[in-house]
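As structure tokens, the structure follows; a few thoughts come after it.
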Amino acid sequence: MTTTLRALCAAMTATLLHIHVAHAAMSDNVIRIGVLSDRSGAYADLGGEGSVVAAKMAAEEFGNAIGGVPVEIVSADHQNKPDIGLGIVRRWFDTEKVDAVADISNSGVGFAVTALAKERNKIVLNASASSDFTGKACTRTSFQWVYTSYTNGYGLARALTAQKLDSWFLITVDYSFGHAFATDMRRAVENGGGKVIALANAGADMTNSVKQAAEFGITRGQALVAPTVFLTDVDAMGLAAAQNLQFVTAYYWDRDAESRVWADKFFEKVGRMPTMTQAGVYSAVRHYLRAVQAANSDDGLAVAAKIRELPVADSFARGTIRTDGQFVHDMYLARVKTPAASSRRWDYYDIVATIPAEQAFRPLGEGGCELVSQ
């Protein structure tokens, strides 16, 4: 065998060995991400199929593969029921070999999924709101990406109490989401010296409340705020009913040039602009894939370490991931435009102020996450 041929054979062997090792680091030679959300109920518009499209857009940026290993996006409807969501994810983990779960957007379902993922060392990229996900329910493999009851409850109430809106009435939906927001908002009002009607609900519950407030003339001379407002909510209500509604958001498609570019791509696929949850799912899945690439593995603990190590910078937000699993980024105080101020459909928000990341999220030491003290 000539020297040249011997060298070529050695190079080919090394290449094949490298490919084998790279593939061996990925379980089942597939990187599989499950998008779990409400696809048929009150919150389907803010997540649902739009979240699936967003996750696929993130995978497409990697050519739908990491190191030659294919990336696959699967999805399911948890119907806002923890038992159904848990059953789906147990099947995903144990039978279908799903490596990470994204979205969820329901705190009750999220707690059940996070607990199971902790047992299996699987990744959760959570768009649910309860601050407890980075508090008493924190785990090494779970991350909270978009917003929390602290950012949108406490943060909103603090900002508006500072504007001398100090007499508050809370209308709260009776499950974990509503109770978490009511608690955080009440703390902020009390800390700010206050004793504004605040809607601690979301989706169809929130939009119906706003419409009824407008119909009964409650908003004349009375500020109306809601901790969680999505672009699709405003579109459903119409600007006549939603005008001047104030809230905190993690994302607005028309925020800057970068957000507009990605939102236009999303619009081409879905036919409407993205909500903060859908943009957040894109960001979370994109960062997860970056972490898999950096770790050269889809092992949950190895990827979780890289998720915390790598900074985030994309069209959704820029920031870092803390020890407790919280993605810390700027938030925005927004107000819904009047019909006269809107130039076209989806031109719905005025960004009143930027809330810096270090002020927007609950301080690391106050959540009670056991990982912080370790």
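What tally of residues in segment 142-188 results from selecting those that are open to solvent by 10 Å² or more (accessible area, probe 1.4 Å), assigned to a loop (DSSP other than H, G, I, E, B) and modelled with pLDDT of 70 or more?
Of the residues in that region, 3 qualify.
Just for segment 90-111: of the residues that are under 20 Å from residue 367 (Cβ atoms) and more than 14 Å from the chain's Cα centre (by Cα), which one is surrounded by the fewest Cβ atoms within 10 Å (Cβ to Cβ)?
The residue in question is 108.
Yes/no matrix, rows are residues, columns are (1) at pLDDT 95 or above; (2) part of a strand (DSSP E or B); (3) touching a His at 6+ places or on another chain (Cβ under 7 Å):
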position: 50; (1), (2), (3): yes, no, no
position: 62; (1), (2), (3): yes, no, no
position: 72; (1), (2), (3): yes, yes, no
position: 83; (1), (2), (3): yes, no, no
position: 88; (1), (2), (3): yes, no, yes
position: 96; (1), (2), (3): yes, no, no
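Show the residue pairs that are 6+ apart or on different chains and have beta-carbon atoms under 6 Å apart, the first residue being within segment 54-67 and farther than 19 Å from residue 297 by Cβ, the second being assigned to a helix (DSSP H, G or I).
Close Cβ pairs (under 6 Å, with a partner that is assigned to a helix (DSSP H, G or I)) amount to 54/278; 54/281; 54/282; 55/281; 55/285; 57/282.
From the list 242, 198, which one is at pLDDT below 65, buried (at least 24 other Cβ atoms within 10 Å of the Cβ) and of a type outside the set (Phe, Trp, Tyr)? First the steps, then the outcome.
Working: 242 fails: at pLDDT below 65.
Result of the check over 242, 198: 198.
Might you let me know whether segment 217-225 holds any residue that is touching a strand residue (DSSP E or B) at 6+ places or on another chain (Cβ under 8 Å), β-branched (Val, Ile, Thr) and at pLDDT below 95?
Going residue by residue through segment 217-225, those that are touching a strand residue (DSSP E or B) at 6+ places or on another chain (Cβ under 8 Å) are 218, 222-225.
Among the residues that remain, those that are also β-branched (Val, Ile, Thr) are: 218, 225.
Add one more test, that the residue is at pLDDT below 95, and what stays is 218, 225.
Within segment 217-225, one or more residues are touching a strand residue (DSSP E or B) at 6+ places or on another chain (Cβ under 8 Å), β-branched (Val, Ile, Thr) and at pLDDT below 95.
Can you spot a residue in segment 124-141 that is assigned to a loop (DSSP other than H, G, I, E, B), in contact with a strand residue (DSSP E or B) (Cβ under 7 Å, 6 or more places away or on another chain) and modelled with pLDDT under 95?
Pass one, segment 124-141, residues assigned to a loop (DSSP other than H, G, I, E, B): 127-130, 135-141.
Restricting the remaining residues to those that are in contact with a strand residue (DSSP E or B) (Cβ under 7 Å, 6 or more places away or on another chain) gives 127, 141.
Now narrow it down to the ones that are modelled with pLDDT under 95: none.
Within segment 124-141 (the criterion being assigned to a loop (DSSP other than H, G, I, E, B), in contact with a strand residue (DSSP E or B) (Cβ under 7 Å, 6 or more places away or on another chain) and modelled with pLDDT under 95), the answer is no, since none of the residues qualifies.
The values are calculated or read from the model by the stated rules, or taken from the named source; none is laboratory data. A quick note: this is a predicted structure, and the numbers were derived from the prediction, not measured. Neighbour counts run over all protein chains shown; Cβ positions are idealised from the backbone, glycine included. For the accessible areas, the whole protein counts, side chains as well, though only heavy atoms, and no ligand, DNA or RNA atoms are used. Shrake-Rupley method; radii C 1.70, N 1.55, O 1.52, S 1.80 Å.
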